[in-house]
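Each value in this text was obtained by applying a stated rule to the coordinates, not by laboratory testing. These figures come from a predicted structure and were not determined experimentally. Here Cβ is always computed from backbone atoms with ideal geometry, including for glycine, and neighbour counts include all displayed protein chains.
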Amino acid sequence: MSDILKTISLTIGYGDKTVVSDINVTLGKGDIIALIGPNGAGKSTLFKTFSSHIKPIGGKIELCGKDISLYSNKERAKLLGIVLTERPDDMFLKVFDVVAAGRYPYTDMFGNLTENDENEIKASLELVGIKNLIDRVFNTLSDGEKQKVMIAKAIAQNTPVIMLDEPTAFLDYPSKIELFSLLKRLAKEQEKTIIFSSHDLELLLRYTDNLWILAKDKPFVSGKSQQLLKDGVIKDYFGIKDSDNEFLLKENV
Amino acid sequence: MKNSKVLIGILGIIVLGILLFLLNLFVGSVTIPFGDIVKVLLKENTDNTLNVIIFDYRLPQALTALLAGAALAVAGLLMQTLFRNPLADPSMLGISSGASLGVGLVILLTGAISGAAISSFGWWSTVGVSLAAFIGAVAVLFIMLAFSARMKNMTTLIIIGLMIAYLAGSITDILKFFSLKEDIHAFVIWGMGSFSGVGTSKLLIFSISIIIGLFATFFLSKNLNILLLGEMYAENLGLNIKRNSVIIILLSGYLTAIVTAYCGPIAFVGLAMPHIARFLFKSSDHRLLIPATMLIGMDLTLFCILIARMPGFDGNLPINAVTAFIGAPVVISVIMKSRKQ
């Protein structure tokens, strides 16, 4: 299987302030990764580096076999899509318009949508199960619905990689479960490579296989969630008490 | 909104604009019968007074007003979308303040240096004032461009723009403090704004410069549309944020600088017109908003000069008093409406 996203001794941070160093990971088609760690450990920094908002301090990122810095903005926009916690805030922006923005890298200079673009937009909404919301004003939706619209935007963008920054934040419990299942379905059926960050440790241990852990002053760790739990890495990184860790082990392994 | 409704809306605004334009030709201190206006326009008229009134006064003023209205309105739309702030307008770039400072320097320093008021220099004074306003506006514009090329954060850019505006304003105030009474009067009059200063001789250059700028804004609609999602999303979708904000500020600043140079600082058009366009068409699509905002801007300014020319005002009512009088209630109603949603 060819590598979709690969980092080679990647060091991230702002200016000359290193946040996390020596990250070496490889992701293939259909891989789904949960990124965890306390606030300030570098999750957003990693996201911003992957999305080329900031430059890495050292090392490099390969996206679909090529150094990510060698892509033009437009080329990169066709390979990596993002979903943020930030939401569009406009009085008249419709669900259709938001998802249509995902087609930006493909449309002509005035942004006119072709029939193919419109079909992609509808298919994306269908895939996340909110086709009925297509004519609604984005601002009037619930948090869960907004989240799905932003995911539909990323799907319409038609990129092999989708990154989501805390997609389960602000969601109620059933919506969180629904979101996990949606992401897994996207990875499996659409062969998307998905990276998402989350604070819901207990849900992650139950529903995801692969974890990346970031923590302050500790090396970057990646591995199977069950293994990381058994090896005591989760206990170490999150400062969980021994007695509580035994409980976690009993419940999850 | 359905396409047919959009078309009807646009047509309605255009018809209203044509009506207001014609009204502007025959309403004023001298009422000219409609038949005579047609004769004048077809050049079949021999009465020279009527020709002068129409061709030297009313027609240039109406054309200036409608172009300035379109330019300021669309400049405001660009600012509001770039800064994602419904209260943004071209003055946020400090451009009007830069123009005021330029004019202030010329008007107030002429008096201090030569000891005579600038109005005593006749024709040179009007050219000098336009030129000074343009240089002041462009100087501030370049300062803002230098900042926008260096930062991705729009909030910091707004703050810098406002600070530059305050800085230019305070220098202007200091100049005023040391100036002759007649000069201050001339400066205050310029600050009230007027669409009658362009006149036939400068109208061609003014029109061409504005039309080029208006035409260029149409090519920004795609980028403006994805900016509505926020800078991070727009960047991920392939937009070069810094280059795009430089282009938007350049275009918005260019239009504002030209209008301010010829007409003085005109308030409220840039702030209020984009809101009317959005609410009228319930849309955020700039492919529609750009032409709609321009057309609504034209209608408003034509309406404003008509009001200013109503019997009793004799065309001397400062245009800024009228634009604000109509613009302010619009802004208030928009804010109240958006709070309810």
Handout entry: Neighbouring partner chain Cβ atoms per residue of A:89-100, average, 10 Å criterion
Key = 5
Practice task
Please report the base-10 log of the normalised intensity I(q)/I(0) for region A:137-253, using a Debye sum with one equal scatterer per alpha carbon and no solvent, at each q in 0.14, 0.23 (1/Å).
Solution key: -0.67, -1.35
Exercise for the section: Go ahead and run the numbers for FRET between B:Phe219 and A:Lys74, Cβ-Cβ distance against an R0 of 22 Å, rounding to 0.05. Expected result: 0.85
Practice task
Using DSSP, restrict attention to beta bridges with both residues in the protein assembly as shown and report what percent are antiparallel, rounded to the nearest 5.
Solution key: 55 percent
Fill in the blank from the handout: The simple spin-label model distance between B:Asp173 and A:Lys131, using points 7 Å out along Cα→Cβ, in nm, is 6.2 nm
Completion exercise
On the formula 1/(1 + (r/R0)^6), with r taken between the Cβ atoms of B:Asn240 and A:Lys188 and R0 of 45 Å, the FRET efficiency rounded to 0.05 is 0.80
Handout entry: Dimensionless Rg/Rh of region B:136-237 - Kirkwood Rh, Rg from C-alpha atoms
Key = 1.08
Practice task
List the extent of the Cα atoms of region B:1-114 along each of their three principal axes, largest first, rounded to whole Å.
Solution key: 62, 48, 20
Practice task
Hey, can you grab everything whose amide H is under 5 Å from the amide H of A:Leu141? Only 5+ residues off in sequence or another chain; H modelled, so Pro and N-termini drop out.
Solution key: none
Exercise for the section: Send over the Kirkwood Rh of the protein assembly as shown, from the inverse of the averaged 1/r over different Cα pairs, rounded to one decimal Å. Expected result: 27.1 Å
Completion exercise
region A:193-215 and region B:14-50 have their Cα centres apart by a whole-number Å value of 74 Å
Problem - Selection from A:Leu201, A:Leu171, A:Val221 lying farthest towards where the dipole of region A:158-253 points positive, charges on Cβ - result: A:Val221
Handout entry: Total charge dipole magnitude, region A:103-193, about the Cα centre, Cβ charges on Lys, Arg, Asp, Glu only, Debye to nearest 20
Key = 240 debye
Completion exercise
Distance in nm between B:Ala321 and B:Ile113 label points, each 7 Å along Cα→Cβ, equals 3.3 nm
Fill in the blank from the handout: Its Cα gyration tensor gives chain A an equivalent ellipsoid whose semi-axes in whole Å, largest first, are 31, 23, 16
Practice task
Counting other beta carbons within 10 Å of each Cβ, put B:Glu231, A:Glu75, A:Glu145 in order, fewest first.
Solution key: A:Glu75, A:Glu145, B:Glu231
Completion exercise
If amide H atoms are modeled at 1.01 Å from N in the peptide plane, then the residues at a separation of 5 or more from A:Ile33, or on another chain, having amide H under 5 Å from its own are A:Ile194, A:Ile195, A:Phe196
Exercise for the section: Using the Kyte-Doolittle scale, find the helices of chain B whose mean hydropathy is at least 1.0 and whose Cα atoms extend 30 Å or more along the helix's long axis, counting only whole DSSP H runs. Expected result: B:3-26, B:59-82, B:123-148, B:154-177, B:241-263, B:286-308, B:319-340
Handout entry: Rg/Rh (Cα only; Kirkwood hydrodynamic radius) as it applies to chain B
Key = 0.99
Completion exercise
Counting all Cα-Cα pairs in region A:1-132, those more than 21 Å apart amount in percent to 53 percent
Completion exercise
Residue-ordered couplings for region A:116-125, obtained by feeding phi - 60° into the Karplus form 6.51 cos²θ - 1.76 cosθ + 1.60 and rounding to whole Hz (Gly and Pro as x), are 4, 4, 4, 5, 4, 5, 5, 5, 5, 5
Practice task
For A:Lys122 and A:Lys55, calculate 0.36 nm times their separation in residues minus their Cα-Cα distance, and state this gained length in nm to one decimal.
Solution key: 20.6 nm
Practice task
Please work out the FRET efficiency for the pair B:Val188 and B:Asp47, using the Cβ-Cβ distance as r and a Förster radius of 56 Å; give the result to the nearest 0.05.
Solution key: 0.90
Practice task
List the longest stretch of chain A that has no exposed loop site; here a site is one of the trypsin sites (Lys or Arg not before Pro) assigned by DSSP to anything other than H, G, I, E or B, with at most 14 other Cβ within 10 Å.
Solution key: A:1-215
Problem - Partner chain coverage, peptide B:221-227 - average Cβ within 10 angstrom - result: 5
Exercise for the section: Within 10 Å of each residue's Cβ, count the other Cβ atoms and sort B:Thr31, A:Thr45, B:Thr200 from fewest upward. Expected result: B:Thr31, B:Thr200, A:Thr45
Handout entry: Charge dipole of chain A about the Cα centre (unit charges at C-beta), most positive-ward option of A:Cys64, A:Leu248, A:Phe238
Key = A:Cys64
Practice task
Amide H neighbours of A:Ile4 under 5 Å, at least 5 residues apart or on other chains, H built in the peptide plane: list them.
Solution key: A:Leu27, A:Gly28, A:Lys29
Handout entry: Square roots of five times the Cα gyration tensor eigenvalues for region A:66-172, Å
Key = 22, 18, 12
Fill in the blank from the handout: To the nearest 10 degrees, the tilt of helix A:143-156 (Cα long axis) against the first principal axis of the alpha carbons of chain A is 70 degrees
Handout entry: Shape parameters for region B:22-78, alpha-carbon atoms, Rg then Dmax in Å
Key = 13.9, 46
